[in-house]
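Heads up, the thing below is written out as structure tokens.
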Amino acid sequence: MKFQDEYRDRGLVQGLAAAIADEARQLPEPVRLMEVCGTHTMAIAQFGLKSLLPEQVKLVSGPGCPVCVTPVSYIDHAIALSGLPDTVITTFGDLLRVPGSCSSLMAERAKGADVRIVYSALDAVKLATELPEKQVIFLGVGFETTTPTVAAAILAAQQQRLGNFSVLTSHKTMPGPMQALSADPELKIRGYLCPAHVSTVIGSDAYLPLAEKFGIPCVVTGFEPADLLQGVLMLVRQCRAGQARVENQYSRAVTRQGNTKAQELIRHLFEPADAVWRGLGVLPDSGLVLSEAYAAFDAARKFQIELPDASEPAGCRCGEVLTGRIAPADCPLFGTVCSPETPVGACMVSSEGSCSAAWRYGQ
Ligand code: SF4
């Protein structure tokens, strides 16, 4: 198939749903499958795919939205940096509204802080060339898909000998949280729809240790309704057969090895480090920090500032939503005090957040 519409064909989608129902009837017990990609979460909600699944197959959302998993302490750090004189904070739009412990970047901007939305890290580098009298800080948040673009921006800044550009990094790597979730017996995850964008970079083989160690099937899956249902079907078939293999449904974009040039770029500038994930806490080696050779571009090292103790918004249950423990509607604040217009937690802010998806498209 070549065109998007073909992956949304009603007959194809209904056929896949029927095939899943057939397989599910032969399962010894119901299964919980998890998608770990914000774009998957949105597509599943947008196309109402959960309503096509039989009772024996439950699909839950995991920590696949980069803005949602970014901890409050990072937002507090960005807010503190925005208060420094002659400083411009540059960021993608979603982060602007994420609540920190006491404020948000949007609130700080309303009070006079210079916080600007950019569409790429290179836009922030360009701004730094245009504003030599200012310190331009880019908020580097995201998984392996975003990290190479930030690495390229840092190299561009280095080439231009820019002393006024730096990045506050909160880059994360994907298999780490899936391992942590797999090790939690309470969650009972029986299969993963693995993220598509991330897998274009890291490759499908990156999930082999996870499948082997925890005996959980993994299927790298595309974004269209037929992709997602086929991914679910592949997982259910493995569950029924008692298998735990890595399969690649999205072979039109993902290879076993991934994008080795992007991986090399990441390795060149970054090194693994422990990282804090909202809902999961500190996970060893699940983040990326700039190596010593690029320390001059690390805003955290460049601007040493006191940070307040971080605290989650009162009543927000994003951590439980992000680990599949509860559905967004189980949070008492969902749709009452928390909505996309007045978000209490990150999962309602980001366009890829589970709460935002549930609000926009219903349960
Ligand atoms: S509904 Fe709002 S407060 Fe509740 S978990 Fe989602 S984002 Fe947090």
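No lab work stands behind these numbers, since they all come straight from the coordinates. From a predicted model like this one, the values you see are computed outputs, not experimental measurements. Here the Cβ positions follow ideal geometry from the backbone for every residue, glycine too, while neighbour counts run over all protein chains shown.
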Using the Kirkwood radius over C-alpha pairs as Rh, can you work out the diffusion coefficient of the range 229-363 via Stokes-Einstein at 37 °C, viscosity 0.692 mPa s, in µm² per second?
174 µm²/s
Only Cα pairs under 8 Å and at least 6 apart count here; give the relative contact order of the chain as a rounded whole percent.
23 percent
Inverting the mean 1/r over all pairs of different Cα atoms, compute the Kirkwood radius of the chain and quote it in Å.
21.1 Å
In Å³ and rounded to a whole number, note down the convex hull volume per residue for the Cα atoms of the range 61-199.
111 Å³
In Å, what is the Rg of the alpha-carbon atoms in the range 318-361, and how long is Dmax?
8.9, 25
From the convex hull of the Cα coordinates of the range 244-287, what is the mean projected area in square nanometres?
4.9 nm²
Beta carbons within 10 angstrom, averaged per residue: use that to sort the peptides 56-69, 2-15, 340-353, highest first.
56-69, 340-353, 2-15
Among 165-176, 296-307, how do they line up by average Cβ neighbours within 10 Å per residue, starting with the highest?
165-176, 296-307
Can you pull the one-decimal nm distance between simple spin-label points at residue 3 and residue 27, each 7 Å off the Cα toward Cβ?
3.5 nm
Compute the separation of the alpha-carbon centres of the range 280-351 and the range 87-120 and state it in Å as a whole number.
15 Å
Cα Rg, Dmax, the range 1-41, angstrom units:
13.5, 37
So if I place +1 on the C-beta of Lys and Arg and -1 on the C-beta of Asp and Glu, and nothing else carries charge, what would the dipole magnitude of the chain be about its Cα centre? I want it in debye, nearest 20.
540 debye
Identify all lysines with a Cα-Cα distance to residue 213 below 29 Å; exclude those on the same chain that are fewer than 8 residues away in sequence.
50, 58, 172, 188, 261
